[in-house]
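Here's the structure we're looking at; comments come further down.
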Amino acid sequence: QVQLVESGGGLVQAGGSLRLSCVASGMIFSINAMGWYRQTPGKQRELVATITIPGSTDYADSVKGRFTISRDNAKNTVYLQMNSLKPEDTAVYYCNTGGAKRGYWGQGTQVTVSS
């Protein structure tokens, strides 16, 4: 059974940084694309960043130049380095594999950015 466990969220002031981690189990991590999504109350979950098997990355326009997704296949872990955080980045961040419609999700980690 695939399990994704996120960590690293918290409260940070605007302009600060956080690094989220997501450890995967129950799957062959190295052959799966991974993604980070986020959701705020009353809004749909939105894609933040993805990383493919060869390591190609893609980002939502709102986080380009501030966030960096990376992966360590030896540790079955995907990271999201978040710099220059803004209050509008406040959300629950979710790790995903397999895509938004049929994929697997972690439990989420709360990120709160104060102004």
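General observations
- Relative contact order %, the chain, counting alpha carbon pairs below 8 Å whose residues are six or more apart: 36
- List Val111, Val12, ordered by accessible area with a 1.4 Å probe, largest first: Val12, Val111
- Portion, in percent, of the accessible area of segment 19-115 that falls on carbon or sulfur, probe 1.4 Å: 49
- Taking Gly16, Gly26, Gly35 in turn, the Gaussian network model of the chain (Cα-Cα springs below 10 Å) assigns the largest fluctuation to Gly26.
- Across segment 75-82, rounded Karplus estimates of 3J(HN,Hα) from the backbone phi angles (6.51 cos²θ - 1.76 cosθ + 1.60, θ = phi - 60°) give 10, 6, 10, 10, 10, 9, 8, 10 Hz, Gly and Pro being marked x.
- Exposed-site-free run, longest, the chain (rule: trypsin sites (Lys or Arg not before Pro); DSSP loop; at most 11 other C-beta within 10 Å): 1-42
- Couplings for segment 10-27, taken from phi via the Karplus curve 6.51 cos²θ - 1.76 cosθ + 1.60 with θ = phi - 60°, read x, 9, 9, 7, 4, x, x, 10, 9, 10, 8, 10, 9, 9, 9, 9, x, 8 Hz in order; Gly and Pro are left as x.
- Counting only Cβ charges, +1 for Lys and Arg and -1 for Asp and Glu, the dipole size of segment 10-93 around its Cα centre is about 100 debye.
- Accessible surface, the chain, averaged per residue in Å² (probe 1.4 Å): 54
The values are calculated or read from the model by the stated rules, or taken from the named source; none is laboratory data. Note that the structure is a prediction, hence the values are computed from the model and not measured. Quick reminder, even Gly has a Cβ in these numbers, built from the backbone with ideal geometry, and neighbours come from all protein chains shown. Surface accessibility is based on the protein's heavy atoms, side chains included, excluding ligands, DNA and RNA. Shrake-Rupley method; radii C 1.70, N 1.55, O 1.52, S 1.80 Å.
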